1. Among the candidates Glu241, Glu285, which residue alone is surrounded by fewer than 21 Cβ atoms within 10 Å (Cβ to Cβ) and over 21 Å from Glu64 (Cα atoms)?
2. Six or more apart or on different chains, Cβ atoms under 8 Å: show the pairs whose first residue is in segment 121-138 and free of Cβ contacts under 8 Å to residues at least 12 places away in the same chain and whose second is crowded, with 19+ Cβ neighbours inside 10 Å and of a type in the set (A, V, I, L, M).
3. Would you mind stating whether Asp211 is not assigned by TED's automatic domain parsing to the domain that holds Leu97 and not hydrophobic (A, V, I, L, M, F, W, C)?
4. With the condition being of a type in the set (Gly, Ala, Ser), I'd like the strands (runs of 3 or more DSSP E) fully within segment 181-264 carrying at least 2 qualifying residues.
5. Pick out, from segment 73-180, the strands (runs of 3 or more DSSP E) lying fully within it that include 1 or more residues that are among the polar types (S, T, N, Q).
6. Please determine, by comparing only the residues of segment 219-233 that are in contact (Cβ under 8 Å) with a residue 12 or more places away in the chain and over 19 Å from the mean Cα position of the chain (by Cα), which one is surrounded by the fewest Cβ atoms within 10 Å (Cβ to Cβ).
7. List, please: which pairs have Cβ atoms under 9 Å, are six or more places apart or on different chains, and start with a residue in segment 89-111 that is touching a residue at least 40 places away in the same chain (Cβ under 8 Å) and within 21 Å of Ser217 (Cα to Cα) and end with one that is among the polar types (S, T, N, Q) and not in a loop (DSSP other than H, G, I, E, B)?
8. Look at Phe266 and say whether it is surrounded by 16 or more Cβ atoms within 10 Å (Cβ to Cβ), in contact (Cβ under 8 Å) with a residue 40 or more places away in the chain and either of a type in the set (Phe, Trp, Tyr) or not assigned by TED's automatic domain parsing to the domain that holds Val215 (or both).
Amino acid sequence: MHRYFFLIIYISILIFGFSCNLYHKINKQYTDVDFSVKNDLLNEGNKNNQILYVAIGSIISPGETMKFYKELINYISGKINIPIELKQRKTYEEVNLMLETGQVDFAFICSGAYAKESENSLVDILVVPVSNGKTLYQAYIIANKNSDINKFEDLKGKSFAFTDPISNTGRFYVMKRLANLGSDMNIFFRKWIFTYAHDYSLQLVNKNTIDGASVNSLVFDYLVKTEPEKVENIKIIEKSEFYGIPPVVVPRTLNTEMKNKLKNIFLNIANDEEGKKILEKLFIEKYVEGKDSDYNSVRDLQKFAK
């Protein structure tokens with residue numbers, strides 16, 4: 001009897017330890033980062049000591065964000081002759097709040113976050129990226145290659161990783177699938193978590209720590225090309241329809257002159273040799289003007305995630 005009691009205690013400690021370790025891995029500190037181009041030319045061109053602030057929705061983890069966006073942000077900073085500082089936050093809601101309150105001048109956000117924020121008429125689309133010839137992307141439902149999970153229905157009773165409560169590919173699409181099956185996340189899955197970054201979700205499935213996840217196709221495809229070992233144990237069991245790609249947005253209160261400067265830099269970056277090389281590393285072909293109507297299908301998904 002005592003032997004079983006101590007065994008239960010031991011197992012409980014192991015589970016608790018694993019849970020704490022997982023929590024710390026996917027809840028790393030998010031801090032503000034100075035992305036400025038620190039050179040005399042920039043300082044001479046910035047007589048008013050102006051600073052621009054950018055936010056990046058946590059589509060990917062903090063470390064990957066730095067790797068992914070550093071060159072692009074520094075390029076924009078150099079072109080506009082103004083230092084740019086990153087305000088990084090854990091959730092999409094926090095980034096939306098900074099946009100609403102004018103704490104940032106532009107932001108790279110998820111389609112779901114834009115669809116939600118556009119309800120308040122406080123942000124405008126600045127530009128959208130073109131990837132693989134499209135301004136569209138998908139949700140990928142993934143599982144470990146070594147599992148017997150081969151379709152969405154096989155995830156019933158399994159563990160699952162969502163990205164963010166207002167992520168289009170990381171939650172909204174899954175909520176629609178569950179609603180179509182007459183179920184919800186608390187009934188269908190044995191357990192579920194929010195990782196707050198698509199690459200964290202990929203990591204958990206790749207290591208077979210979590211049974212399944214729904215991730216941004218752009219992040220998955222990027223890792224296939226750049227760090228294939230991070231997805232080598234993953235299979236895609238379902239692809240969603242296409243949705244409007246995650247946009248670059250600005251607060252509606254941003255002055256017109258600055259808005260036009262930023263837009264022109266983005267629209268012309270692919271025509272510049274240095275800018276083109278930066279985009280090639282990101283697997284972005286160019287930036288183009290976006291349309292709010294491209295996100296109507298995302299808005300249709302939102303009703304399933306209330």
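1. On the way: Glu285 fails: over 21 Å from Glu64 (Cα atoms).
Residue meeting the stated conditions: Glu241.
2. none
3. On the way: not assigned by TED's automatic domain parsing to the domain that holds Leu97: yes; not hydrophobic (A, V, I, L, M, F, W, C): yes.
Taking the combined requirement at face value, the residue satisfies it.
4. Values: elements: 191-194, 212-216, 234-239, 248-251.
Answer list for segment 181-264: 212-216.
5. 139-144, 159-162
6. As a first pass, look at segment 219-233 and keep what is in contact (Cβ under 8 Å) with a residue 12 or more places away in the chain: 219-223, 225, 230-233.
Next, from what is left, pick out any that are over 19 Å from the mean Cα position of the chain (by Cα): 232-233.
Values: Glu232: 11, Asn233: 16.
It comes out as Glu232.
7. Taking only residues 6 or more apart or on different chains, the pairs are Ala107/Asn96; Ile109/Asn96; Cys110/Asn168; Cys110/Thr169; Cys110/Asn216; Ser111/Asn168; Ser111/Thr169.
8. Details: surrounded by 16 or more Cβ atoms within 10 Å (Cβ to Cβ): yes; in contact (Cβ under 8 Å) with a residue 40 or more places away in the chain: yes; either of a type in the set (Phe, Trp, Tyr) or not assigned by TED's automatic domain parsing to the domain that holds Val215 (or both): yes.
Against the criterion (surrounded by 16 or more Cβ atoms within 10 Å (Cβ to Cβ), in contact (Cβ under 8 Å) with a residue 40 or more places away in the chain and either of a type in the set (Phe, Trp, Tyr) or not assigned by TED's automatic domain parsing to the domain that holds Val215 (or both)), Phe266 qualifies.
The values are calculated or read from the model by the stated rules, or taken from the named source; none is laboratory data. Remember, predicted model here, so these are calculated numbers, not experimental data. Here Cβ is always computed from backbone atoms with ideal geometry, including for glycine, and neighbour counts include all displayed protein chains.
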